[in-house]
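Asks: Dropping a structure here in structure tokens format, bear with me for questions.
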Amino acid sequence: MSTGPGAHSAPAPKTPDDDTRTTALTRPKGGTFSSLRVRNYRLFATGQVVSNTGTWMQRIAQDWLVLSITGSSAAVGITTALQFLPMLLLGLYGGVIADRYPKRRLLLFTQAAMAVTGLALAALTLSGHVQVWHVYLIAFALGLVTVVDNPVRQAFVAEMVGPDDLRNAVSLNSANFQSARLVGPAVAGVLITAVGSGWAFLLNGLSFAAPIAALLLMRTAELHKAERAPRGKGQLREGLRYVAGRPDLFWPIVLVGFIGTFGFNFPIWLTAFVNDVFHAGAGTYGLLNTLMAAGSLVGALLAARRGTSRLRVLVGAAVAFGLLEITAALSPQFWVFAALLVPIGMVGLTVNVTANSSLQLATDPAMRGRVMSLFMMVFMGGTPLGAPLVGYVTDVYGARTGFLAGGAVSLLAALTVGFVLARVGGLRLKVDLRRGRTHVAFVPRRPVPRENQENTVTVAA
């Protein structure tokens, strides 16, 4: 199998008797919170939980503000699309910047810029001059900053904790984000009802003081030095060739691209369900987001405890994600719909964390920024393509149809990528219903000759 510059062949199975071939990304012993022993990462995590809470407050307030101004789910979709459009158009350039410049210095800039966007939206809203085009413009500006911030923040984790604790730190980052998601929507719902959206935007802008302070307090001598890519032509193409030559990187990115584009449009669906199906208000919208966050937090903590990042976990979680979305779309009562958001959040987070940690650990350090920017580009950057379409379907055919369509696309993508990975890895599905046996498993189609093992992609059975 041809590979791009700097690529390495996937490792061969450890023993000829292995009936599974996995990504073999093993977390060292140390418990669910092992990476918090690292002072720099502990500072980083503390700052992030504060700013993440503010971010979730702004997300809820922003969606509700747009809906209250326009009365349109499609307008909410346009806002979401504009926020993620820069990632689609410029995401790979963010990866080049992440690989080329000091990441801590870049994060100081991006966090300060995000604070400015929150404060600007607060000023417009509290002064009573806000219009929907203001929200569109600020969402787009925030997206431009995110182009650099996301890959830099993802890759900086490795510099703080090193390779041994990387998987645990990635999982705790997600737990951190979802913990904030438990608090942020609830606080936003109270603020919107009591004093209006503007105060949520103000608190979000001020919350970025915490991560900026954490970055300034870090001991730079304790950071793990990472190889930085020198200036040069063709670095974007080099990153694309690297991923294209690695099926264990390429196909997970394809899967999260489909799920991110069509399956993660919750601002559109939840506002539509609250407004059109259940005829409730901002408090109910905050509650539904909180329930999904609770499931996501459980998923993140389970991911932090798992010892391996297997592609079978990624595909299985994606299949469950699609099925649960379809079931929620058809749920007849509010309490059924609300309860299903918990496992949807759990398996959705499992998809994200498993793909993220697998990609980071399987990628050469000098390429990590570009690989993670491609991952974030397809996961978040696909939203500008999917959100307006999903918003249109939701407006025209109803919230249930829009949600069901997103789940169906996610399910189809998971089944297709699972089949392709099984074929590439030389695996077949084995069903054994006898007592005491593994009932469903992937096993090798035939023994792989030793001389060809270096060219096989490792996939999970």
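What follows draws every value from the coordinates through simple rules; no lab data is involved. All values reported here derive from a predicted model rather than from experimental measurement. Every residue, glycine among them, receives a Cβ derived from its backbone with ideal geometry; neighbour counts consider all protein chains shown.
Asks: Determine which residues of segment 165-189 fall in the zone a paramagnetic label at ARG42 would reach in this model, i.e. backbone nitrogen under 18 Å from the point 7 Å along Cα→Cβ.
Replies: Taking a point 7 Å out along Cα→Cβ of ARG42, the residues of segment 165-189 whose backbone N falls under 18 Å are 165-166, 168-170, 172-173, 176.
Asks: Counting only other residues whose beta carbon sits under 14 Å from that of GLN83, what net charge do I get with K and R as +1, D and E as -1?
Replies: Numbers: positive: ARG59; negative: ASP63, ASP149.
Neighbour charge sum, excluding GLN83 itself: -1.
Asks: Also, quick follow-up: Compute, for segment 96-219, the length of the dipole vector about the Cα centre, with Cβ point charges of +1 (Lys, Arg) and -1 (Asp, Glu) only. Units Debye, rounded to 20. Please report the intermediate quantities before stating the final value.
Replies: Values: 8 positive and 5 negative charges, 27 e Å.
Taking the Cα centre of segment 96-219 as origin, the dipole is about 120 debye.
Asks: Give me the net charge of THR110's neighbourhood, meaning all other residues with Cβ under 13 Å from the Cβ of THR110; Lys, Arg count +1, Asp, Glu -1.
Replies: Working: positive: LYS103, ARG104, ARG105, ARG153; negative: ASP149.
So the environment of THR110 carries a net charge of +3.
Asks: Arrange the following residues from fewest to most other Cβ atoms within 10 Å of their Cβ: ARG104, ARG305, ARG310, ARG219. Before the final figure, lay out the partial values.
Replies: Values: ARG104 18, ARG305 12, ARG310 22, ARG219 9.
Ascending Cβ contact count within 10 Å gives the list ARG219, ARG305, ARG104, ARG310.
Asks: Okay, moving on. Within a Cβ distance under 13 Å of LEU240, other residues only, what is the Lys/Arg minus Asp/Glu net charge?
Replies: Values: positive: ARG237, ARG241, ARG246, ARG370; negative: GLU238.
The answer is +3.
Asks: If you don't mind, another one. I'd like to know which of VAL190, GLY245, LEU166 lies farthest towards the positive end of the charge dipole of segment 162-255, counting +1 on Cβ of Lys and Arg and -1 on Cβ of Asp and Glu.
Replies: GLY245
Asks: May I ask which residue of PHE334, VAL378, VAL390 lies farthest towards the positive end of the charge dipole of segment 295-394, with charges of +1 (Lys, Arg) and -1 (Asp, Glu) on Cβ and the Cα centre as origin?
Replies: VAL378
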